[in-house]
Amino acid sequence: MKDGFGREIDYLRVSITDRCDLRCRYCMPEFGVTALPHADILRYEELLRLARIFAGLGFRHLRLTGGEPMVRSGCLDFLRELRAVPGIESVGMTSNGVLLAGRVAETKSAGLSALNLSIDSLDPDRYAALTRCGALSCVLQTLHEALALEIPVKVNCVPLRGWNEDELPALAELARENPLCVRFIELMPIGCGAELRGLSQNEVLQNLTAALGPMEPDATLRGWGPARYYRPAGFRGSIGLIAAVSHEFCDRCNRVRLTADGRLKLCLNRTDGVDLRALLRGGASDEEIKDAIELAVFRKPERHAFYEAIQGREGRRMNEIGG
C-alpha cells in the first residue's frame, strides 16, 4: 500500500517483547529498566490476527524484533504460524544471537527467511563491555550455524567513537570468505544512543577503504531495507552502509513498526501512529482495524527530522520501540 507521499509500504517490523538478555550501551541502561507488564504486550493470537490484516493490505515482508525476540517463550512456534499466513512472503529476525546458539536449525525449520545478528565487536572483553553481559562465543556459534544451514545472514554493527572504530575492517572481513553482509549502521540519536558518539557513513567508508581497498558498489538485492552495499575485491559477501542520519533515506522508506504493546509506529523518531491494541481489545472488527491502519499509513511522516525541533519526537529507548 502507498502512503501520502507515494512510497510503497510493504515491510512491517514486529516487536514481540521489550525485554532483552543484554544491555547494549546504545539501547538500554545497565540498571533500572522497567519492563512492560505482560498484560500490556500483545498476545500471539492478536499478533497473528494483525498479520493477516496487514497481509491483506499488501504487506509482504515481516521481521521479528524486540528487545530480543528469543527471550519470549513460544517465539519459534509463532514464527511458524506467521509463515503460514497467506500473502506473507518472508519473515526475518533481528537478534543478538545469544539465545539462538544451538537452536538455529530449529529456527530454520520454523520458517525463518533471514537472520540479522548484532555484533559490535569481535573482541570478547570489548563485546562484554559493550553489551554489559554478553558472551561473544554464543553469538559466533549462532553465526556459524546459520551459515552452515545457508540461512541468509546480515551482521549489524553500530560504529561507536572510542569503542570499536578500530575494529571495523576486522568485522568487514567476516564477508571475505562468507556469503553474508556486514552492515555498519549509523548511531541514531534516540534513547541511550543520544548519549554516545557515532561515526558517519563517510568516516566508515574512509576507514574501510584504507584497510580493504576500493569499495565497488554491489547492486545485488540484499533484502528489503535501505542499506547501500559494496563489495571489495576478493570478497564473497558484501559490506552495507545504513546512513539514516548523515544521508537520510526517508524518501524511499518502505516500513512501519508494531511495538510490543500494540502501537503501530510510522517513523522511528516520531510518536505518530495508532493504538492497535485498543482496537483489538475494544471489539473492533477486522475491517475497522484495516481502515485504521490504512489511514495511519497514509499519514506517515515525510522525514524523521532527527536534529530538528519537531513536535511528537520519540523519547523511548530502542528496546521499547522495537529495533
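Any read-out appearing in this document is the output of simple, stated calculations on the displayed coordinates, not a laboratory observation. All of these numbers come straight from a predicted model, not from anything done at the bench. Every residue, glycine among them, receives a Cβ derived from its backbone with ideal geometry; neighbour counts consider all protein chains shown.
A few comments on the model shown:
- Peptides 27-40, 170-183 ordered by average Cβ neighbours within 10 Å, highest first: 170-183, 27-40
- Per-residue HN-Hα couplings for segment 198-210 [Karplus 6.51, -1.76, 1.60; θ = phi - 60°; Hz; x = Gly/Pro]: x, 10, 6, 4, 4, 5, 5, 4, 5, 4, 6, 5, 4
- Sites A194 and C138 - FRET efficiency at Förster radius 25 Å, r taken between beta-carbons, to 0.05: 0.30
- DSSP finds beta bridges in the chain, and of those with both partners inside it, around 30 percent are antiparallel.
- Pairs of Cα atoms nearer than 8 Å and 6+ residues apart set the relative contact order; for the chain it is 22 percent.
- Alpha carbon centroid spacing (whole Å) that separates segment 95-146 from segment 17-82: 17
- Per-residue packing, averaged as other Cβ atoms within 10 Å, sorts the ranges 188-194, 116-122, 57-63 into the order 116-122, 57-63, 188-194, beginning with the highest.
- Label reach from E45 (point 7 Å along Cα→C-beta): in segment 63-90, no amide nitrogen lies under 13 Å.
- Label-point separation, R80 to V33 (7 Å along Cα→Cβ), nm: 2.8
- Tail fraction, Cα-Cα pairs, segment 121-234, threshold 23 Å, whole percent: 32
- If you take the alpha carbon atoms of segment 251-292 and fit the smallest convex hull around them, that volume is 80 Å³ per residue.
- For the chain, lysine pairs with C-alpha atoms less than 16 angstrom apart, excluding pairs fewer than eight positions apart on the same chain, total 7.
- A protection proxy built from the mean count of other Cβ atoms within 10 Å ranks the segments 79-88, 250-259, 150-159, most packed first, as 150-159, 250-259, 79-88.
- Quarter the surface of the alpha carbon convex hull of segment 11-321 and you get the mean projected area, 15.2 square nanometres.
- Interchain or long-range residues, amide H under 5 Å from S90's placed H: L62
- Scalar couplings 3J(HN,Hα) for segment 231-241, obtained by applying the Karplus form with A = 6.51, B = -1.76, C = 1.60 to θ = phi - 60°, are 9, x, 4, x, 8, 7, x, 10, 10, x, 10 Hz; x denotes Gly and Pro.
- Compared with the dominant principal axis of the Cα atoms in the chain, helix 136-148 is inclined by about 80°.
- Average silhouette area of segment 1-125, convex hull of alpha-carbon atoms, in square nanometres: 9.5
- Cα centroid separation, segment 161-203 to segment 232-254: 12 Å.
- Once backbone amide H atoms are built at 1.01 Å from N, V274 has L264 as its partners under 5 Å, excluding neighbours fewer than 5 places away on the same chain.
- Computed per residue of the chain from DSSP H runs no shorter than four, each worth -39500 (n - 2.57), the mean residue ellipticity at 222 nm is -8000 deg cm²/dmol.
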